[in-house]
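The values are calculated or read from the model by the stated rules, or taken from the named source; none is laboratory data. Every value quoted in this text rests on a predicted model; they were computed, and no experiment measured them. Reconstructed Cβ throughout: ideal geometry from the backbone, glycine too, with neighbour counts over all protein chains shown.
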């Protein structure tokens with residue numbers, strides 16, 4: 001069954017739900033978000049009964065906002081415990097400690113950040129909310145001097161975003177400090193079937209504008225990325241499944257792969273693929289893979305067939321967060337036409353109400369490998385060239 005919640009349900013997901021008549025739990029938010037009249041709804045009572053009768057019922061959500069519904073209505077199932085295991089980054093580090101015994105991590109209450117000394121913490125390190133979303137509150141620290149300047153500003157930064165998402169999605173009362181993993185970063189959409197076997201639905205490289213960049217601006221996928229990493233990622237997911245005893249569970253997993261090919265987990269985002277229907281829909285735009293159907297029909301992509309005509313093509317999502325330095329209330333307009341003119345083959349543009357969320361749009365595009373400059377440009381842009389602000 002499907003749990004839909006804010007902030008966004010894509011047209012593609014709605015069409016998939018209507019076509020296949022996958023049952024969607026009828027809540028106030030799902031009714032508000034669904035515009036396709038052919039989508040099949042079931043009551044909350046029916047949904048609870050389904051899980052009671054089937055035990056490991058396969059549940060997918062477009063948004064982690066739905067976690068609160070699961071905790072409230074399905075406490076008898078194993079789902080809340082599994083979600084918490086992954087959503088709490090400290091609990092997740094404890095889970096994988098047998099595989100990475102020398103990996104440093106430390107839990108710190110937000111109330112102690114302002115006085116915390118970094119002298120005895122291995123550097124560089126990453127600090128982030130123990131329960132977080134996107135890259136909100138995430139920082140890389142290379143020196144003690146950097147930490148001295150940063151620790152007094154993190155609390156103010158979190159204050160600006162604390163009300164955007166429910167506490168189950170974004171809760172910065174506790175932070176985790178952990179080793180900074182060197183290597184290339186990837187995001188993986190996958191699911192674990194009724195026996196725990198993992199199926200990879202897409203692998204995306206997360207590229208950065210600099211060594212200090214921790215933003216979620218650009219994700220790429222290509223024939224090279226899939227073929228280079230597929231076998232290694234599948235083996236790693238088998239280990240995660242074994243440790244967590246996963247069954248009937250979709251996930252969006254972030255990893256780093258070092259120069260030796262060793263995979264280090266960053267985090268596992270439970271019960272969903274990429275947020276805002278991003279990576280789930282990207283697989284369709286790039287490869288013709290319907291990740292939602294793969295999940296519910298328990299099928300796997302035929303990668304050799306899918307990739308045979310994809311040489312030289314790169315598919316991307318650009319998440320146009322407001323890193324301009326301008327406050328949303330001071331922005332009159334975002335020039336989406338100008339943005340599109342800077343990409344050789346836009347596939348889909350999703351405009352977002354930037355007064356409600358600190359994001360202007362999600363842009364899906366296809367780029368020739370020899371034209372990666374267009375992605376480098378948006379990766380490093382502060383987006384001011386597309387913004388019109390109120391006159392002073």
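Can you tell me how many residues within the range 1-31 are assigned to a loop (DSSP other than H, G, I, E, B), in contact (Cβ under 8 Å) with a residue 40 or more places away in the chain and within 20 Å of residue 284 (Cα to Cα)?
Narrowing the range 1-31 to residues assigned to a loop (DSSP other than H, G, I, E, B): 1, 4-10, 21-23, 26-27.
Cutting the leftovers down to in contact (Cβ under 8 Å) with a residue 40 or more places away in the chain gives us 1, 4-10, 22, 27.
After this cut, where a residue has to be within 20 Å of residue 284 (Cα to Cα) as well, the list is 4, 8-10, 22.
Residues flagged as assigned to a loop (DSSP other than H, G, I, E, B), in contact (Cβ under 8 Å) with a residue 40 or more places away in the chain and within 20 Å of residue 284 (Cα to Cα) within the range 1-31 amount to 5.
Which residues, counting only those in the range 217-252, are crowded, with 20+ Cβ neighbours inside 10 Å and in a loop (DSSP other than H, G, I, E, B)?
Within the range 217-252, 217, 246, 248 qualify.
Has the range 174-185 got at least one residue that is over 28 Å from residue 379 (Cα atoms) and in contact (Cβ under 8 Å) with a residue 12 or more places away in the chain? It would help to see each step written out before you state the result.
Filtering the range 174-185 for residues over 28 Å from residue 379 (Cα atoms) gives 174.
Subsequent filtering for residues that are in contact (Cβ under 8 Å) with a residue 12 or more places away in the chain retains 174.
Within the range 174-185, one or more residues are over 28 Å from residue 379 (Cα atoms) and in contact (Cβ under 8 Å) with a residue 12 or more places away in the chain.
So residue 58 passes all but one of these: (1) exposed (fewer than 13 other Cβ atoms within 10 Å of the Cβ); (2) under 17 Å from residue 296 (Cβ atoms). Which condition number does it fail?
Unmet condition: (1).
Exactly one of (1) more than 18 Å from the chain's Cα centre (by Cα); (2) surrounded by 15 or more Cβ atoms within 10 Å (Cβ to Cβ); (3) in contact (Cβ under 8 Å) with a residue 24 or more places away in the chain; (4) under 29 Å from residue 1 (Cα atoms) is unmet by residue 367. Its number?
Single failed check for residue 367: (4).
Among (1) surrounded by 14 or more Cβ atoms within 10 Å (Cβ to Cβ); (2) within 26 Å of residue 182 (Cα to Cα), where does residue 145 come up short?
(1)
Wholly within the range 35-119, which helices (runs of 4 or more DSSP H) include no fewer than the required count, namely at least 3 residues that are more than 23 Å from residue 240 (Cα to Cα) and free of Cβ contacts under 8 Å to residues at least 60 places away in the same chain?
44-54
Scanning the range 120-133 for residues that are crowded, with 20+ Cβ neighbours inside 10 Å and in a loop (DSSP other than H, G, I, E, B), which turns out modelled with the highest pLDDT?
If we take residues in the range 120-133 being crowded, with 20+ Cβ neighbours inside 10 Å and in a loop (DSSP other than H, G, I, E, B), then 132 is modelled with the highest pLDDT.
Which one of these is at pLDDT 90 or above and closer than 25 Å to residue 84 by Cα: 174, 193?
Working: 174 fails: at pLDDT 90 or above.
After ruling out the rest, the residue left standing is 193.
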